[in-house]
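See structure below.
The values are calculated or read from the model by the stated rules, or taken from the named source; none is laboratory data. None of these values were measured; they are calculated from a predicted model. Positions of Cβ are generated from backbone atoms using ideal geometry, with glycine treated the same way; all protein chains shown enter the neighbour counts. In case anyone asks, the SASA skips ligands and DNA or RNA and just uses the protein heavy atoms, side chains included. Shrake-Rupley method; radii C 1.70, N 1.55, O 1.52, S 1.80 Å.
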Amino acid sequence: MEPRSAAAAGRDFPYTARTTCYIEIHQDGRVTHGTDQETYERAVAGESKLYAVWPGEWSSHLFVIDDLDEYAKAHGIKHDVRRTGLAEHVHQVRWTESGDEQNPRSPYIGIEVSLECGCKIQNIDVFAAQMREQKGWAVATSVGWSSSSGPEGTTYSLRVRRKSLTA
């Protein structure tokens, strides 16, 4: 039985699902796992083959990762505006403190962010990396974030390390 094609599943393939396990088979027969830049580069160079196991309801399915470009975009190895909603430019950001901040000694603070450049946050990890590079912010990615839209645009509620806002 041959592995199924991830490319044939298209954008519906769960590249970043927590239940998807990646297996890399090297030319020398070694088997490793991971989703980092080096894994991608070895697969592109033909030094290894990349597979994914996707658990189904009654059994698991084996897929060959045959669209490495889509894999790289899903894992943030290559930037993808369609997935992230964020262009690769310096964002025009307007922010204010959330009105419901309860602990002034907390290392993190809630803020409301508007992107006046027209971008939309669809991936908090990519936004956090861009803000770290552009403004020195330490945006929390392990806690929830939300958005709300109105006539004035979309506002995002985030948690940011308090000291990084003044850096």
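Structure data summary
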read-out	value
In segment 73-123, residue most open to solvent (accessible area, probe 1.4 Å) [restricted to those that are modelled with pLDDT under 90 and hydrophobic (A, V, I, L, M, F, W, C)]	81
So residue 16, is it outside any loop (DSSP other than H, G, I, E, B), out of contact with any Phe, Trp or Tyr (no Cβ under 9 Å at 6 or more places or on another chain) and at pLDDT 85 or above	no
Residue ID - nearest to the chain's Cα centre (by Cα), chosen from residues in segment 113-152 that are in a strand (DSSP E or B) and under 17 Å from residue 166 (Cβ atoms)	139
Complete set of residues in segment 124-167 that are over 25 Å from residue 74 (Cβ atoms), exposed (fewer than 15 other Cβ atoms within 10 Å of the Cβ) and at pLDDT below 90	150, 151, 152, 153, 166, 167
